[in-house]
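Here the structure comes first, spelled out in structure tokens, and everything after it is commentary.
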Amino acid sequence: MPLPVSCSVTATPTLPTKPMPGSYGLPLVGPLKDRLDYFWFQGPETFFKARTAAYKSTVFRTNIPPNFFGVNPRVVAVLDCSSFSTLFDNTLIDKSDVLIGPYCPSPDFTGGTRVGVYLDTTDPKHSRIKNFCFELLKRSSRVWVSEFLLNLDALLTTAEADIASSGSSSLLVPLQKCIFNFLCKSLVGADPKVSPEIADNGFIMLDKWLAFQILPTQKIGAIPQPFEELLLHSFPFPSFLVSSDYKKLYDFVDKEGREAVKLAEDEYGLTRSDAINNILFVLGFNAFGGFSVFLPTLITTVGRDKSGLRDRLRAEVRSVMADKTELDFKAVVEMELLRSTVYEVLRMNPPVPLQYGRARSDFLMNSHESSYKVEKGELLCGYQPLVMRDPVVFNDPDTFMPDRFTGVKGKELLQYLFWSNGPQTATPTADDKQCAAKDFVVFTACMLVAQILNKYDDFECDDGNLAFSKLKKKKTESVIV
């Protein structure tokens, strides 16, 4: 019986079948060498680039950290748009417990609940949890825009004062407060202000909770080697390090988000604890964590640009807003250059760089040039910053081109924009693993830039720091520099 063949947007099943290149190396030695290359000697991007060049292939076998006891680091790297798209085929790929790779944090981090992102699409609970997420987003749409703009304006007011007094305004902490507050109000229906501790420290609690789950998989660079390897990448961190904070967040959602919790119980058949733990994961890991990575990158990319991009964006934003009384999702749909800029930042700097999936059975997988046999149980690993710089698909792929996704031909490229665990042209459903809030993310990012450029004639960010260095108000007002 012939093996099934992965379907993709760029390949056909008639390609020549070749042996898959790559090596796992000797036991213990091979995984250790690859781990040191990944975290220390090369870094993630060079790690994959070097092996692509050595094997003359965008598909190969290698090890991916972490490789401590109980974790099998062996993966099949898929680094072009064709092979990477195999990860979206649920008939071939199992997504159980592979959110951040071969290592899966203890469910004790999520109150003992195996939350929806760790479930495969065949698990009956998966569709119920994802449908619940869709409903949360639907309900949040009533206040999403107003809450986001309210908190963003507060951030900008503070930034103006900081620039006036010290010449710059740090961005990360104020932006995380903004993100945390608006997500609590819109997604959960809970106002952090009712709890001073949550209002002041809730975002820090989430930062710590996220960090202890993903540290074994991340190159940090904050402490010198070999201490980073010994202290951060050699063992899983226990959940008790953040259990007290998690309990405070749990109780906050239980009390202040009771309408969302009751919805999960009554309409989607979740237990109270499963409902709260899934809400917290969506709030903290998916939404807060994703925005905390992506929005600073977006702001600094635009704020450090020297090509005149901000002038072009400002002209587009103000042209669209000339006959509108308020900024909303409908308005940013008309801002083609702005949306293309957001897409281009997502292409070059996806907030989740790695995507994984495990083969349900043997099948043939296509790259652009060849077909390879993938064996049942093998873990596929796609590094998106290289996948979405595929030179077969993208012209001048290593160059930031804000116009890339404009026009008819530009919009055709959206099918290869995979940051959301699926093509940008696809619509998430309860039967797939694509980000339920895919469109919310893009529109919110557009509103962020649009609001700044509608309120200010210009802004700039420090080249070396995550900070505003200039906010130039409209000409009718004073200039703060």
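Structure values in brief
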{"read-out": "Sulfur and carbon atoms: percent of accessible area, the stretch 17-473 [1.4 Å]", "value": "55 percent"}
{"read-out": "Sequence ranges 79-85, 304-310, ranked by mean other-Cβ count within 10 angstrom, highest first", "value": "79-85, 304-310"}
{"read-out": "Probe 1.4 Å, all protein chains present, accessible-area order of GLU265, GLU378, GLU412, GLU344, largest first", "value": "GLU412, GLU265, GLU378, GLU344"}
{"read-out": "The stretch 1-132, relative contact order [Cα under 8 Å, separation at least 6], %", "value": "21 percent"}
{"read-out": "Simple spin-label estimate for GLU265 and GLU326 in nanometres, 7 Å along Cα-Cβ", "value": "3.3 nm"}
{"read-out": "Length released on extending from LYS373 to SER234, taking residue separation times 0.36 nm less the Cα-Cα span", "value": "46.8 nm"}
{"read-out": "For GLY221, net neighbour charge (Lys/Arg +1, Asp/Glu -1) across residues whose Cβ lies under 14 Å away", "value": "-2"}
{"read-out": "Residue-normalised accessible area of the stretch 375-418, expressed per residue, 1.4 Å probe, Å²", "value": "44 Å²"}
{"read-out": "LYS255-VAL333 pseudo-label distance in nm [points 7 Å out on the Cα-to-Cβ vector]", "value": "4.1 nm"}
{"read-out": "Computed over the chain: relative contact order in percent, which uses C-alpha pairs under 8 Å that are six or more apart", "value": "23 percent"}
{"read-out": "Additional length obtainable on full extension of the chain from ALA426 to THR157, 0.36 nm per residue less Cα span", "value": "93.1 nm"}
{"read-out": "Dipole axis of the chain (+1 Lys, Arg; -1 Asp, Glu on Cβ), positive-most option in VAL441, SER307, PHE405", "value": "PHE405"}
{"read-out": "Area of MET447 that stays accessible when all protein chains are in place (1.4 Å probe, Å², to 10)", "value": "0 Å²"}
{"read-out": "Cα centre as origin, Lys/Arg/Asp/Glu Cβ charges: the stretch 24-108 dipole, Debye", "value": "360 debye"}
{"read-out": "Ordering of 133-141, 193-201 by packing [mean C-beta count within 10 Å, highest first]", "value": "133-141, 193-201"}
{"read-out": "Rg/Rh (Cα only; Kirkwood hydrodynamic radius) as it applies to the stretch 358-444", "value": "1.01"}
{"read-out": "Estimated dipole of the chain in Debye, rounded to 20 [Cβ of Lys and Arg +1, of Asp and Glu -1, Cα centre]", "value": "420 debye"}
{"read-out": "Residue-wise HN-Hα coupling along the stretch 187-200, computed from phi with Karplus coefficients 6.51, -1.76, 1.60 (Hz; x: Gly, Pro)", "value": "6, 9, x, 10, 8, x, 5, 6, 10, x, 5, 5, 4, 7"}
{"read-out": "Ellipticity estimate at 222 nm from DSSP helix runs (n ≥ 4, -39,500 (n - 2.57)) divided over the chain, nearest 500", "value": "-13500 deg cm²/dmol"}
{"read-out": "Spacing of the two label points (7 Å from each Cα toward its C-beta) at LYS472 and THR399, in nm", "value": "2.6 nm"}
{"read-out": "Furthest towards positive pole of dipole, LEU414, SER370, LEU298, structure part the chain, Cβ charges", "value": "SER370"}
{"read-out": "Positive-end residue of PRO385, ALA54, PHE68, charge dipole of the chain with Cβ unit charges", "value": "ALA54"}
{"read-out": "Paired Rg and Dmax values of the chain, which use every Cα atom, in angstrom", "value": "22.6, 75"}
{"read-out": "Residues SER165 and ASP123, FRET efficiency given R0 of 41 Å [Cβ-Cβ distance, rounded to 0.05]", "value": "0.15"}
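The values are calculated or read from the model by the stated rules, or taken from the named source; none is laboratory data. Computed from a prediction, not measured in an experiment: that's the story for all the values here. Cβ sites come from the backbone with ideal geometry, for glycine too, and all protein chains shown count toward neighbours. Accessible surface areas use protein heavy atoms only, side chains included; no ligands, DNA or RNA. Shrake-Rupley method; radii C 1.70, N 1.55, O 1.52, S 1.80 Å.
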